[in-house]
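First comes the structure, then the notes that go with it.
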Amino acid sequence: QVQFVESGGGLVQPGGSLRLSCAASGSIVSLYRLGWFRQAPGNQRELVASITGDGNTDYEDSVKGRFAISRDYFKNTVILQMNNLVPEDTAIYFCNTVPGLGFSWGPGTQVIVSS
């Protein structure tokens, strides 16, 4: 069973940056399209960025130009570099496959953007 563990969240001021990391068990980083999702209070979980097995990326419109997704094959991790953060980015961030393959969701990592 594949497991995901997210880290790197925290409290940051508007305009600041955070670097999120998702550690995946097993060598799946190169096998599947992987994505970063987020869920704000009262909202549904949404996909914000994804990366395919051969490195093609895609972003939700509100994060284009500010977020960058990448992978580290050797460490089996997926990275989300978030720059120029805004309060609307406040959410719990998760990673998983895209589309879902039935793997459990990890605990997520909390991102709070506030002055």
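The values are calculated or read from the model by the stated rules, or taken from the named source; none is laboratory data. Values in this document were obtained by computation on a predicted structure and should not be read as measured data. Note: ideal-geometry Cβ built from the backbone for every residue, glycine included; neighbour counts use all protein chains shown. These accessible areas exclude ligands, DNA and RNA; they are computed on the full protein's heavy atoms, side chains included. Shrake-Rupley method; radii C 1.70, N 1.55, O 1.52, S 1.80 Å.
The table below gives the values:
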quantity	calculated
Given charges at beta-carbon only (K, R positive; D, E negative), |dipole| of the chain in Debye	180
Residue-count net charge about residue 47 - beta-carbon cut-off 10 Å; Lys, Arg +1, Asp, Glu -1	-1
Along principal axes, Cα extents of the chain, largest first, whole Å	39, 26, 22
Segment residue 25-residue 44, length gained on full extension (0.36 nm per residue, minus Cα span)	4.3 nm
Cα centroid of the range 14-37 to Cα centroid of the range 40-115, whole Å	7
Residue-normalised accessible area of the chain, expressed per residue, 1.4 Å probe, Å²	52
Probe 1.4 Å - accessible area at residue 88, Å² to nearest ten	140
Whole-percent carbon and sulfur share, accessible surface of the chain, 1.4 Å	50
Value of relative contact order over the chain, rounded to a whole percent, pairs C-alpha under 8 Å and six or more apart	38
Label-point gap, in nm, between residue 60 and residue 112 - each point 7 angstrom along Cα→Cβ	2.0
